[in-house]
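First the structure, in the form of structure tokens, and then the observations on it.
The values are calculated or read from the model by the stated rules, or taken from the named source; none is laboratory data. The shown structure was predicted, so the numbers you read here are calculated from the model rather than taken from an experiment. So basically every Cβ, Gly included, is an ideal-geometry build from the backbone, and we count neighbours across all protein chains shown.
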Amino acid sequence: MNQKIRNFLTSNEMIVVYIIAGLAILIGSVNHAFNSISTVVNLARTMLVTLIFAMCEMLVIVSGGIDVSFPAIASLAMIATGNIMLKNGLDNVPLAFLMGAIIGGVLGTLNAVLIAVVKMPPLIATLGVSSMTSGATLAIFGAKILTVLPAKLDELYKVSLFTYTNPEGITYSLTVLFLIPIGICLLMWFLLKYTMFGRGIYATGGDIRAARIAGFNVTAIQFFVYIMSGILSGIAGITYMILMRAADPSVLMGSEMMVIAAVVMGGTRITGGHGTVLGTILGVTLISLIKNNLIMLGVPTHFQTFVIGLIMIVGTSITSLKAKHIANSAKI
Amino acid sequence: MQKITNYFKKADRIALALLIGSVLIFVLMGVTHPKFFGKSNLQSMLIQCPEYGILAFGMMIAMIAGGIDLSLVGIANLSGIVAAVLMLRMGGTNLSIGIGIVAAVLVGSLCGLFNGFIIGFLDIPAMLVTLCGLQLYSGLALIITKGPAITGLPETFSNIANGKLLGVPIGAIVFVLIAILLCYLLYYTVFGKSLYLMGTNKIASRFSGINNLRITMLTYCLSGIFGSLAGILMASHYNSAKSDYGTSYTLLTLLIVVLGGVNPNGGRGKVMGVVMSIILLQLVSSAFNILRVNAFVKTFAWGLILILVTTATYLTAQKEARD
């Protein structure tokens, strides 16, 4: 029993919880503006799209690969859907998400074919697809930012789960879009924890040959993972468009580092086979907290890139040292 | 006749294919657009290609070692900025330019050693470490510059990339020297042999008495030095230094290296193949410029070429295995 509690208290998730708590207390004591509901609402808003991205990246990393094409896929889904809907006078929320998912799914299939059939290293394959996608996005639709969205999509922005007005009269509202990442997280959690297919994803990431010998259809698993990642990226793109009330082809580019940082911070091992939904959520919370509130500590914004890089390198070193320790310890 | 066919069989097939591709583009473009043979086009090609060519060499040795170096652009920018700041602080004399360049190379080698240490000692995958490294080094660059570009560098410094020696841009001469040095290092030294062995099989190389950590650190240090040299050329070419110059070079260098026949899993790759693929890509890029193709189409084309080439390599490898 004692051992169980100790294991729980030193698990990857708990370490992230300690860091988040410490950081929150530090920021809260330096700057009292931090201690309010508005912080939570802003944090949720920042986390929203990152969380969807993190879920698809976590899935891919657990299966032993990596995906750096999701910002490009999300951008294409966002711009293409926005443009097509405006040009054809379409105005329907489910249709928008469906279109995003289809665009993402097609590109995800391309990733899957390159990785599972052609056996290309995942990083190179997804980099290539990312370059093709972003080039195509800009070449076809131009670098113009869409600021007028179809009316029903725009209205969705105003629907909120709850609103809160602070004493100064500024209203903060948590948008209904937050239900999307929650739904995706629950789905992922169920898939990874309680289905044979989900366990197969872990097995593939742990040792692809062993998984094949154990009877898992490794190719099908890889196809599923990359297509799923594409579909989720497409949905994330549409969500981002509604959240920002604009479609900007270049705003998401370069966010892959942040997402990988969040996933790795949450205890997902980059070599595959390890990772949990809860840990990923915590990792995203930590990175979003730093991103949003570093300035409250008096740290200028141009330090942000460096600080995130530093946290990543320290975080991965800790996980790796821990893994090394476990590998070297006596086995009974 | 037998001798000639034997010679062709022995020669690097990938380099040969790339050479034929280059000649084809050269002739085609030269016939349809005489401007392609113009002096200004040839010279601008020779100024552009050393920048990412040297970065590609850094990527190449990291890949031969079984890793990858995604932090090269970050190292290039950071060292370019360090050189620029030092030059401006010390008044822009010729001595200060020398000190700036030495400091830049020092910064590059330190960044590389840091990468190599984390990769070799902690056994974290090179891809993750260098991604973190990219973030760290461009973060440091951003802290130094606070965002905007550093401008007003001394004129002598900008002559390094834009100046000519006997009609050949100095950058191109540096590039050729580095290629020769790399040939020597990879084919004629113990370090080179150990590097190939370690890239092929880490465990075997450790059991044959090679200090993997030392080789890894040396490899990434060398890669970092190449990064800083490219950074100096970039700063000198643009006559300014900024934290986000050349962000598209990461993909381009990966493309060059894979196209040049370096195996992404490590252990295989030749300098000649990489040089040929640099030349081919520069020709394609110049052809696009002369044909006035949209710059975004170029990004698309790079991705497409990367995917097609790797697919083709895979298919031929499979065919050979079947035979």
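Values as computed for the structure displayed
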item: Residue among B:LEU213, B:LEU177, B:LEU185 that alone is of a type in the set (A, V, I, L, M) and closer than 29 Å to A:PRO122 by Cα; result: B:LEU213
item: Output for the range B:71-112, where each listed residue is buried (at least 24 other Cβ atoms within 10 Å of the Cβ), in a helix (DSSP H, G or I) and not hydrophobic (A, V, I, L, M, F, W, C); result: B:GLY74, B:ASN77, B:SER79, B:GLY80, B:GLY100, B:GLY108, B:GLY112
item: Members of the range A:16-50 that are modelled with pLDDT under 80 and of a type in the set (A, V, I, L, M); result: A:ALA33, A:ILE37
item: Residue within the range A:252-265 that is among the charged types (D, E, K, R), surrounded by fewer than 23 Cβ atoms within 10 Å (Cβ to Cβ) and either touching a Pro at 6+ places or on another chain (Cβ under 9 Å) or under 17 Å from B:GLN135 (Cβ atoms) (or both) present; result: yes
item: Wholly enclosed helices (runs of 4 or more DSSP H) of the range B:127-224 bearing at least 1 residues in contact with a strand residue (DSSP E or B) (Cβ under 8 Å, 6 or more places away or on another chain); result: B:155-162, B:170-188
item: Test set (1) more than 9 Å from chain A (Cβ to nearest Cβ); (2) modelled with pLDDT under 80 - B:GLY261 fails condition number; result: (2)
item: Output for the range B:111-130, where each listed residue is among the aliphatic types (A, V, I, L, M), within 18 Å of A:ILE124 (Cβ to Cβ) and more than 7 Å from chain A (Cβ to nearest Cβ); result: B:ALA126, B:VAL129
item: Number of the condition not met by B:LEU281 [criteria: (1) more than 26 Å from B:VAL105 (Cα to Cα); (2) within 11 Å of chain A (Cβ to nearest Cβ); (3) surrounded by 21 or more Cβ atoms within 10 Å (Cβ to Cβ)]; result: (2)
item: Matching residues, the range A:72-130, being under 26 Å from A:MET244 (Cβ atoms) and basic (Lys, Arg); result: A:LYS87
item: First in the range B:131-143 and facing another protein chain (nearest Cβ under 7 Å) and under 22 Å from A:LEU123 (Cβ atoms), second anywhere and at pLDDT 85 or above and buried (at least 24 other Cβ atoms within 10 Å of the Cβ), Cβ under 6 Å, 6 or more apart; result: B:LEU131/B:LEU70; B:SER138/B:GLY74
item: Hits in the range B:144-182 (condition: of a type in the set (Gly, Ala, Ser) and in contact (Cβ under 8 Å) with a residue 40 or more places away in the chain); result: B:GLY147, B:ALA149, B:GLY152, B:SER158, B:ALA161, B:GLY171, B:ALA172, B:ALA179
item: Positions within the range A:316-332 being under 25 Å from A:GLY272 (Cβ atoms) and more than 9 Å from chain B (Cβ to nearest Cβ), in sequence order; result: A:ILE318, A:LYS322, A:HIS325, A:ILE326, A:ALA327, A:ASN328, A:SER329, A:LYS331
item: Criterion violated by A:MET253 - all others in (1) closer than 24 Å to A:ASN83 by Cβ; (2) free of Cβ contacts under 8 Å to residues at least 40 places away in the same chain; (3) of a type in the set (A, V, I, L, M) satisfied; result: (2)
item: Single match in B:ALA301, B:ALA317 (criterion: within 14 Å of chain A (Cβ to nearest Cβ), out of contact with any helix residue (DSSP H, G or I) (no Cβ under 7 Å at 6 or more places or on another chain) and modelled with pLDDT of 80 or more); result: B:ALA301
item: Number of positions in the range A:123-148 that are more than 9 Å from chain B (Cβ to nearest Cβ) and crowded, with 23+ Cβ neighbours inside 10 Å; result: 1
item: Selection from the range A:103-122 of residues that are of a type in the set (A, V, I, L, M, F, W, C) and more than 7 Å from chain B (Cβ to nearest Cβ); result: A:ILE103, A:VAL106, A:LEU107, A:LEU110, A:ALA112, A:VAL113, A:ILE115, A:ALA116, A:VAL117
item: Residue list for the range A:173-228, restricted to those being in contact with a strand residue (DSSP E or B) (Cβ under 9 Å, 6 or more places away or on another chain) and not in a helix (DSSP H, G or I); result: A:SER173, A:LEU174, A:THR175
item: Residues being within 30 Å of B:LYS146 (Cβ to Cβ) and touching a residue at least 24 places away in the same chain (Cβ under 8 Å) - total across the range A:310-332; result: 4
item: The range B:24-41: number of residues that are without any contact (Cβ under 8 Å) to a residue 60 or more places away in the chain and outside any loop (DSSP other than H, G, I, E, B); result: 10
item: The listed residue being surrounded by 18 or more Cβ atoms within 10 Å (Cβ to Cβ) and of a type in the set (S, T, N, Q), out of A:THR301, A:THR276; result: A:THR276
item: Members of the range A:266-308 that are within 11 Å of another protein chain (Cβ to nearest Cβ) and part of a helix (DSSP H, G or I); result: A:THR301, A:HIS302, A:PHE303, A:GLN304, A:THR305, A:PHE306, A:VAL307, A:ILE308
item: Qualifying residue in the range A:209-223 (condition: under 22 Å from the mean Cα position of the chain (by Cα) and hydrophobic (A, V, I, L, M, F, W, C)); result: yes
